[in-house]
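This report refers to the structure that appears directly beneath it.
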Amino acid sequence: MKKQNNGFKIGCIVLFLGLTIYYLFPTIQWNLEQRHMNSMTETERVQYESENMAKLQNLRERSLSLGLDLQGGMYVTLEVGSPQLILELAGDFADEYLEEVIQTARQTSIDNNTDFIDEFVAEFERRDSDAMLSRYYRSDSENITRTSTNSEIASYLRNQQTAAVERAMEIIRSRVDRFGVTEPSILQQGGNRIVVELPGVDDEERVRDLLRGTARLEFRLTPETEEINSTKQQVSEFFSNYEQDEEDESSIKNLLEIFELRGSNEYVFGYAAERDTADVNRILEHEDVQNLIPRNTTLLWGATPFASDNGVDLFELIAVRSQIELTGDVISEARVAFDPTTNAAEVSMTMDSEGARRWARITGANIGRPVAIVLDGHVYSYPTVRSQINNGRSSISGLGGVRAAEDLVNILMSGALPAPLEIIEERTVGASLGEASIRAGLYSIMFGLGVVAIFMIVYYRTGGGIADLALMFNIIFILGILAGFQATLTLPGIAGIVLTIGMAVDANVLIFDRIREELRGGKTLRAAIDNGYANAMSAIIDANVTTFFVAVILYSFGMGPIKGFAVTLMAGIVASLFSAIVITRVIVDYLTREKASAVSFG
Amino acid sequence: MRWFESPNFDFIKAQQKAYFFSGTMIIVSIVGIIVMGLNYGIDFRGGQEFVFEFEEPVDVVEIRTELAGPLGTVPEIKLFGSTREILFRVDSEEDVTATRELILENFAQLYPGNTVTVQKTDLVGPRFAEDLRRGAMYSIIFALAVVFIYIFIRFKGWWFSAGAIAALAHDVLIVLGIFTIMAEIAPFDVSINQALIAAFLTIVGYSLNDTVVVFDRIRENSIIYKTMNFKDMINKSLNDTLSRTVVTSVTTLFVVSVLFIFGGEVLKGFAFALVIGVILGTYSSLFVASALVVELQKRATVKAKTK
C-alpha cells in the first residue's frame with residue numbers, strides 16, 4: 001500500500017518536472033540564442049535574424065517575458081473621455097444646455113467616484129424630470145425615436161462607450177504596430193481605460209503624441225478679407241481705450257500689449273510670441289471680445305512659427321470659417337512626400353470617391369481663394385486654390401520633419417479616435433536601471449537561497465538537506481508555472497520569489513519539528529515520520545490557504561508590477577506546498593527504507 | 001541544533017508588558033500619522049517623479065534650493081542608491097516632458113560638464129492616484145475581512161478571528177507609523193506607494209501564517225487536554241510551536257534582509273517594510289493575538305454565563 005502511494009507521488013513529481021521543463025525550454029533556448037547572437041558582428045546578426053525570423057519570433061513569444069521595470073520601456077494608462085464622447089454623439093443636436101449638463105455630471109462623477117453616464121442621466125432628469133434625452137440622441141440608424149425612454153438611451157450611450165473603447169484599442173494597436181514595437185501589450189482595464197505597454201521604447205514624447213493624437217483633419221474656407229479687416233478694426237478700437245481692472249479677477253488684460261493685429265498676409269488676424277498664446281486665447285474667449293468677432297469666423301493658431309524675434313518664436317492667428325467643409329474621414333490613403341522646391345517633408349493624401357467629389361465641388365467654387373488645412377485645431381497651411389481638383393488629392397505641409405510626417409501618416413491611416421484619450425498614468429524605465437534591477441534580483445535570490453540552505457542543514461541535518469533540495473525544485477516550479485501561464489516576471493515578482501524561499505521552508509519546519517516531537521515522545525523513526533507529516537498537515541493547509549487568499553486579493557486590486565508580485569506569491573505557495581509535502585516525503589521515505597541510520601532531523 | 005526544545009514560557013503572563021509595549025507603539029504611530037500626515041508617494045498622490053543619474057556626485061540640498069525657483073515649487077529630492085543618483089518628485093501641472101526638460105536645463109547650468117541621464121520617468125494623474133488609493137484601501141480591508149471569515153469558519157470562534165485581525169492591524173499600523181515618522185530621516189524612499197501596500201499584504205499573510213499555526217495547535221490541544229483551562233492550553237500551544245515560529249522567522253528574516261541589502265534601490269522601501277513586518281508579525285502572534293483570544297474568550301463565556 002505504502003509503496004503504491006509513493007509510486008503515485010513519484011509519478012506526480014515526474015509529471016510536474018516534465019511540464020516545467022516543457023514550459024521553460026523556450027526560455028532557455030531564447031537565452032542561448034540571444035547569447036549566440038550577441039557574440040556575432042552586426043552584419044552577421046542581421047543576416048542570422050532574417051534567416052531565422054520565424055523561429056526566433058516563436059521562441060520569444062513562448063519564453064518567460066520580463067516586465068517593463070526589468071527590460072526598460074514605457075507603460076501608459078489612457079482614459080477614454082466619456083463626457084466628450086457623449087457630447088459628440090449628440091452631433092448637431094448638441095447645445096449649450098447639454099454641455100452644461102455634461103459638465104455638471106462630469107464633476108459629480110469625479111467627486112463621488114460614480115459612473116459618468118449614470119450621473120449624466122440623473123443630472124438631466126434632475127434639471128427637468130419630463131425632459132427626454134431622445135431630443136439629443138434620436139437617430140434612425142440606431143432606431144432611437146422621439147419616444148425612446150431615457151433608460152433606453154442610457155443603455156445606447158453605454159453601448160457606444162464600450163464600442164468607443166474597443167475602437168480606440170484597435171486604433172492604438174494599429175498605430176503601435178506601425179510604429180514598430182516588439183511585443184507591445186494593449187489591454188482594457190475597467191470600463192474606459194486602456195493600458196499600453198511598450199518594451200524598449202523611450203521616446204516618450206513621440207509615443208505620447210502617437211497614442212493621444214486624434215488627428216482631426218479639417219478643411220475650412222477663409223472669410224472675405226474685408227470682413228477680417230473690419231473685425232480687426234473693431235478689436236483695435238475696443239482695446240485702444242481699454243484698461244484692465246486690477247481689482248476684478250475676471251477682468252482681462254489688454255490684448256494689444258501682447259498681440260500685434262497684423263501679419264504676413266491678409267488672412268492673418270495677428271501674431272503673438274509663443275508664451276503669450278495661452279493669454280491671447282483667454283482674452284479672445286471673453287464675452288466682450290467674442291461679440292466683436294463674426295459668428296462664422298474662428299481664429300486658429302498656425303502650427304509652426306512664422307518668424308522669430310530674438311529667439312522667441314512668433315505664431316500667427318489665422319481667420320477661418322467656423323463651418324467645416326470636409327473632414328479626415330474621407331482620406332483613403334496618406335503617404336510621406338517631399339515638396340519639389342523646398343524638399344521639406346509633407347503628407348500627401350488621397351480621398352475616397354465621395355470625398356473627391358466634394359473636394360472637386362469645394363475647390364471648383366473657390367478658385368483664387370485659400371482653403372485652410374486644419375489638424376487638431378492648428379492651421380498647417382492655407383494654400384490658394386488655383387484650379388478645380390478632381391482627383392481627390394491634397395497635402396499637409398508645414399510639418400516638423402520626416403519623422404513628424406511619418407507619424408502623421410500613421411495616425412491618419414489608423415483612423416480617427418472616437419473620443420479624445422487622456423494619459424492618466426505614464427511610467428518609463430530606462431534600460432540600464434532595468435539591468436541593475438535584474439542584477440540586484442539575481443543576487444538576492446542567490447544570497448537568500450544560500451543563507452537559508454546553510455541554516456536548514458545546520459539546524460535539521462539530513463532533514464534540512466532534503467528541504468533544501470525541495471527548495472531548488474520549488475524555484476524551478478515557480479518559474480515553470482510563470483512561463484506556463486505566460487505571466488511576466490517583474491522586479492516585485494523576483495522579490496516574491498526571494499520571499500518564497502524564506503517562507504517555503506516553513507512547511508518543512510512544521511513537519512520536522514513535529515517529527516522531533518514525536519521522536520521525543522518515544523516513537524520509532526518510521527512512526528514519527530508518518531505522524532509528523534500527518535499532524536503538521538492541517539496547520540500547513542490553513543496557513544497557506546489564508547496567505548493564498550491574500551495574494552488573490554492583491555492580484556485583483558494591484559496594478560502593473562504589483563500584479564507580478566501577487567502572481568509569484570501564488571505560484572510560490574502552490575509550488576512550495578507540493579515540494580515541501582510531496583517531494584520531501586518521497587526522499588525521506590526512500591532514505592529511511594534504504595539506510596535508516598543516515599536520516600537525522602537534528 | 002535545537003532551539004527551545006521544551007520551552008515553558010508564560011506568554012499570557014507577559015501580556016501586561018506586551019500590552020504596554022504595543023499600546024505605546026500604536027499611540028506613537030497614530031500620533032505620528034496625525035501630526036505628520038501619511039507620506040504618500042507618487043502612486044497615491046499623483047505628480048511627476050524622475051530618477052536622474054549624474055556622472056559626478058551631486059548635492060541634494062543644493063539642487064532642492066536651486067530648482068525651487070524655476071519649478072515654482074519645492075521639489076522632493078532624495079539620493080537613490082549612490083550620491084550620483086537622485087529621486088526627484090514634483091507636483092506640476094506642466095507636461096511631463098516639459099518639466100523634465102526644464103529640470104535638465106537647470107542641471108546643465110548648475111553642474112556644467114556633469115552629464116545626466118534619465119533613468120526613470122513616472123507620471124500619475126491626480127484622479128488616477130485617487131483610484132489607486134481607493135484600490136489599496138479596499139484591498140487591505142478586503143484582505144482582513146476574508147481572513148476574519150476564514151478563521152471564523154475553520155476555528156469556530158469569533159474570538160480567534162478577532163484576535164488574528166487585531167494582531168494584523170497592529171502590525172500594519174505600526175509599520176505605517178514607522179514609515180511616516182521616518183519620512184524625513186530615512187536614507188531611502190519610504191513614501192507610501194503601491195509596492196508598500198503589497199508589502200503590507202505580505203506582512204498580513206506572513207503574520208497570519210504564524211498566528212494560524214498557533215491556533216491550529218490550540219485546536220489540537222483542546223481535543224487532547226479537555227480538562228485544561230483555556231489560558232494554560234493557549235500557553236502550552238504557544239510553547240509547543242515556539243521552535244517552529246522562531247525558525248521560520250529566522251529564515252524569513254534572512255531573505256528579507258538579503259532583499260533589503262542586495263535588492264537594489266527600487267525595492268529598498270518595500271524590503272524595509274518586510275523586515276519590520278516579519279519582526280512585528282512574529283512578536284504579535286506570540287504576544288498579541290493569543291493574549292487577545294484568551295481575553296475575548298473569557299469575556300464571551302462570562303457574558304454567556306450571566307445571561
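The values are calculated or read from the model by the stated rules, or taken from the named source; none is laboratory data. Worth saying up front: this structure is predicted, and the values here are computed from it rather than measured. Methodologically, a virtual Cβ is constructed for each residue, glycine included, from the backbone with ideal geometry; neighbour enumeration extends over all protein chains shown.
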*Looking at the range A:67-123, which of its residues are surrounded by 14 or more Cβ atoms within 10 Å (Cβ to Cβ), more than 14 Å from chain B (Cβ to nearest Cβ) and among the aromatic types (Phe, Trp, Tyr)?*
A:Tyr97, A:Phe120
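Residues in the range B:7-30: is at least one among the hydroxyl-bearing types (Ser, Thr, Tyr), surrounded by 13 or more Cβ atoms within 10 Å (Cβ to Cβ) and not in a helix (DSSP H, G or I)?
no
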*Report yes if A:Ile389 is more than 9 Å from every other protein chain (Cβ to nearest Cβ), β-branched (Val, Ile, Thr), farther than 23 Å from A:Phe578 by Cβ and without any contact (Cβ under 8 Å) to a residue 60 or more places away in the chain, otherwise no.*
yes
*asked:* All but one of (1) of a type outside the set (D, E, K, R); (2) in contact with a strand residue (DSSP E or B) (Cβ under 8 Å, 6 or more places away or on another chain); (3) surrounded by fewer than 21 Cβ atoms within 10 Å (Cβ to Cβ) hold for A:Ala527; state the number of the condition that does not hold.
replied: (2)
*Looking at (1) more than 15 Å from A:Ile423 (Cβ to Cβ); (2) under 28 Å from the mean Cα position of the chain (by Cα); (3) of a type outside the set (S, T, N, Q), can you tell me which one A:Arg220 breaks?*
(2)
_Scope the range A:546-602; condition hydrophobic (A, V, I, L, M, F, W, C), assigned to a loop (DSSP other than H, G, I, E, B) and touching a Ser or Thr at 6+ places or on another chain (Cβ under 6 Å); matching residues_ = A:Val599
_Pick from the range B:118-133, criterion surrounded by fewer than 19 Cβ atoms within 10 Å (Cβ to Cβ) and at the interface with chain A (Cβ under 7 Å from one of its Cβ atoms), ranking: farthest from B:Ile103 (Cα to Cα)_ = B:Arg127
*Among what's in the range A:201-223 and is out of contact with any helix residue (DSSP H, G or I) (no Cβ under 7 Å at 6 or more places or on another chain) and farther than 24 Å from A:Gly392 by Cβ, pick the residue that is surrounded by the fewest Cβ atoms within 10 Å (Cβ to Cβ).*
A:Asp203
_I'd like to check something: does the range A:477-488 contain any residue that is assigned to a helix (DSSP H, G or I), facing chain B (nearest Cβ under 8 Å) and touching a residue at least 60 places away in the same chain (Cβ under 8 Å)?_
no
_Residues located in the range A:356-411, provided they are closer than 14 Å to A:Leu217 by Cβ and among the polar types (S, T, N, Q)_ = A:Ser381, A:Ser394, A:Ser395, A:Ser397, A:Asn410
*Name the one entry in B:Thr180, B:Thr211 that is of a type in the set (Val, Ile, Thr) and at pLDDT 90 or above.*
B:Thr180
*Keeping to the range B:278-307, report how many residues are buried (at least 24 other Cβ atoms within 10 Å of the Cβ) and within 14 Å of chain A (Cβ to nearest Cβ).*
4
*What about B:Leu67, is it away from every other protein chain (no Cβ under 14 Å) and over 30 Å from B:Thr248 (Cβ atoms)?*
yes
*For residues that are facing chain A (nearest Cβ under 7 Å) and either among the aromatic types (Phe, Trp, Tyr) or within 20 Å of A:Asn544 (Cβ to Cβ) (or both), tally how many sit in the range B:134-152.*
7
*May I ask you to say which residue of A:Ile367, A:Ile373, A:Ile362 is surrounded by fewer than 16 Cβ atoms within 10 Å (Cβ to Cβ), of a type in the set (Val, Ile, Thr) and modelled with pLDDT of 85 or more?*
A:Ile367
*Determine whether A:Asn241 is of a type outside the set (A, V, I, L, M, F, W, C) and exposed (fewer than 13 other Cβ atoms within 10 Å of the Cβ).*
yes
*A:Ala467, sole failed condition from (1) crowded, with 24+ Cβ neighbours inside 10 Å; (2) in contact with an Asp or Glu (Cβ under 8 Å, 6 or more places away or on another chain); (3) of a type in the set (A, V, I, L, M)*: (2)
*Got a number for residues in the range A:234-278 being touching a Leu at 6+ places or on another chain (Cβ under 9 Å), at pLDDT below 85, closer than 18 Å to A:Asn291 by Cβ and hydroxyl-bearing (Ser, Thr, Tyr)?*
2
*Across the range B:196-220, which residue is surrounded by the fewest Cβ atoms within 10 Å (Cβ to Cβ) among those that are polar (S, T, N, Q) and facing chain A (nearest Cβ under 7 Å)?*
B:Asn209
*asked:* Please go through (1) crowded, with 22+ Cβ neighbours inside 10 Å; (2) in a helix (DSSP H, G or I) for A:Glu425 and return the number of the only condition it doesn't satisfy.
replied: (2)
_With the condition being over 36 Å from the mean Cα position of the chain (by Cα) and among the hydrophobic types (A, V, I, L, M, F, W, C), I'd like the strands (runs of 3 or more DSSP E) fully within the range A:289-344 carrying at least 1 qualifying residues._
A:307-309, A:312-321
*May I ask you to verify whether A:Thr428 is over 30 Å from B:Thr99 (Cβ atoms), polar (S, T, N, Q) and touching a helix residue (DSSP H, G or I) at 6+ places or on another chain (Cβ under 7 Å)?*
no
*Looking only at the range A:489-519, which residues are more than 8 Å from every other protein chain (Cβ to nearest Cβ), over 18 Å from B:Val258 (Cβ atoms) and part of a helix (DSSP H, G or I)?*
A:Ala507, A:Asn508, A:Ile511, A:Phe512, A:Arg514, A:Ile515, A:Glu518, A:Leu519
*asked:* Just the residues that are free of Cβ contacts under 8 Å to residues at least 12 places away in the same chain and surrounded by fewer than 14 Cβ atoms within 10 Å (Cβ to Cβ), please, taken from the range A:127-138.
replied: A:Asp128, A:Ser129, A:Asp130
*For A:Ala436, are the conditions met, namely being surrounded by 20 or more Cβ atoms within 10 Å (Cβ to Cβ) and of a type outside the set (Asp, Glu)?*
no
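Restricting the search to the range B:221-266, which residues are assigned to a loop (DSSP other than H, G, I, E, B) and either away from every other protein chain (no Cβ under 14 Å) or under 18 Å from B:Val294 (Cβ atoms) (or both)?
Hits for the range B:221-266 are B:Tyr225, B:Lys226, B:Thr227, B:Met228, B:Asn229.
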*With the checklist (1) at pLDDT 85 or above; (2) touching a Leu at 6+ places or on another chain (Cβ under 7 Å); (3) of a type outside the set (D, E, K, R); (4) assigned by TED's automatic domain parsing to the domain that holds A:Asp202 in hand, flag the one item A:Ala90 doesn't pass.*
(1)
_Subset of the range A:179-238 [in a loop (DSSP other than H, G, I, E, B), of a type outside the set (A, V, I, L, M) and within 30 Å of A:Ile324 (Cα to Cα)]_ = A:Asn192, A:Gly213, A:Thr214, A:Arg216, A:Thr222, A:Pro223, A:Glu224
